[in-house]
Amino acid sequence: MVCIQTRLQELGAITQGASFVVYHNGGYVHLASAMGAPVIALFGVVHPGVWKPLGQRDQVVYKNIECCPCYDHTRKPECYEGDLECKRVIEVDDILSCGMVKVITPSTRLQALSRLYKNNQFYGTKLAEILG
């Protein structure tokens, strides 16, 4: 797992050796997919029907809640304060159920998730409960 700041060229080199990539909807999801890495794309604010990665092995985690996709007239008040329900409801088990994370022990799972959480690279609030 990589949790450091990189330049685009470095990120591409790291991605070439990746078994899979978990990332929110953004440019890197499409870079990783185009490079052939299996992608688990986390969607919240926008609908994946328009912006999902197009690789054959790519998977999308999306909770189709009543206010998605997000527009000014559908956005909830808490969203303006940074508490986006569409991202908050994505849980660790949603990612694990995609089937790409297979060879991982409970202790390495917690270590990996802890690093993601500390670097603000994970949405789910359930993670804090898991890590205690």
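The values are calculated or read from the model by the stated rules, or taken from the named source; none is laboratory data. Quick caveat: nothing in here was measured; it's all calculated off a predicted structure. Note that we place each Cβ from the backbone using ideal geometry, even for glycine, and neighbour counts take in every protein chain shown.
Quick grid of which residues meet (1) in contact with a strand residue (DSSP E or B) (Cβ under 6 Å, 6 or more places away or on another chain); (2) touching a residue at least 12 places away in the same chain (Cβ under 8 Å):
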residue	(1), (2)
33	yes, yes
39	yes, yes
54	no, yes
64	no, no
68	no, yes
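Testing residue 50 on (1) within 15 Å of the chain's Cα centre (by Cα); (2) farther than 23 Å from residue 93 by Cβ, one condition comes back false. Which one is that?
(1)
Out of all the residues in segment 104-113, is one or more modelled with pLDDT under 85, surrounded by 12 or more Cβ atoms within 10 Å (Cβ to Cβ), among the polar types (S, T, N, Q) and part of a helix (DSSP H, G or I)?
yes
Quick check on residue 34: is it at pLDDT below 90 and surrounded by fewer than 20 Cβ atoms within 10 Å (Cβ to Cβ)? Before the answer, list the steps.
On the way: at pLDDT below 90: no; surrounded by fewer than 20 Cβ atoms within 10 Å (Cβ to Cβ): yes.
No, not satisfied.
Inside segment 28-53, can you point out the residues that are among the aliphatic types (A, V, I, L, M) and either over 14 Å from residue 11 (Cβ atoms) or in contact with a Phe, Trp or Tyr (Cβ under 9 Å, 6 or more places away or on another chain) (or both)? Spell out how you get there, then give the answer.
In the first step, residues of segment 28-53 are kept if they are among the aliphatic types (A, V, I, L, M); the result is 29, 31-32, 34-35, 37, 39-42, 45-46, 50.
Listed by number, the residues that qualify are 29, 32, 37, 39, 40, 41, 42, 45, 46, 50.
I'd like to know if segment 2-25 contains one or more residues that are in contact (Cβ under 8 Å) with a residue 24 or more places away in the chain, touching a Lys or Arg at 6+ places or on another chain (Cβ under 6 Å) and within 22 Å of residue 70 (Cα to Cα).
The answer is no, given that none of the residues of segment 2-25 is in contact (Cβ under 8 Å) with a residue 24 or more places away in the chain, touching a Lys or Arg at 6+ places or on another chain (Cβ under 6 Å) and within 22 Å of residue 70 (Cα to Cα).
Is it the case, given these coordinates, that residue 87 is modelled with pLDDT under 90, closer than 12 Å to residue 25 by Cα, surrounded by 14 or more Cβ atoms within 10 Å (Cβ to Cβ) and in contact with a strand residue (DSSP E or B) (Cβ under 9 Å, 6 or more places away or on another chain)? If you could, list the steps in order and put the result at the bottom.
Values: modelled with pLDDT under 90: yes; closer than 12 Å to residue 25 by Cα: yes; surrounded by 14 or more Cβ atoms within 10 Å (Cβ to Cβ): yes; in contact with a strand residue (DSSP E or B) (Cβ under 9 Å, 6 or more places away or on another chain): yes.
Yes; evaluated as a whole, the condition is true for this residue.
Could you tell me whether residue 68 is in contact with a Cys (Cβ under 6 Å, 6 or more places away or on another chain), assigned to a loop (DSSP other than H, G, I, E, B) and modelled with pLDDT under 90? First the steps, then the outcome.
Working: in contact with a Cys (Cβ under 6 Å, 6 or more places away or on another chain): yes; assigned to a loop (DSSP other than H, G, I, E, B): yes; modelled with pLDDT under 90: yes.
In short, yes.
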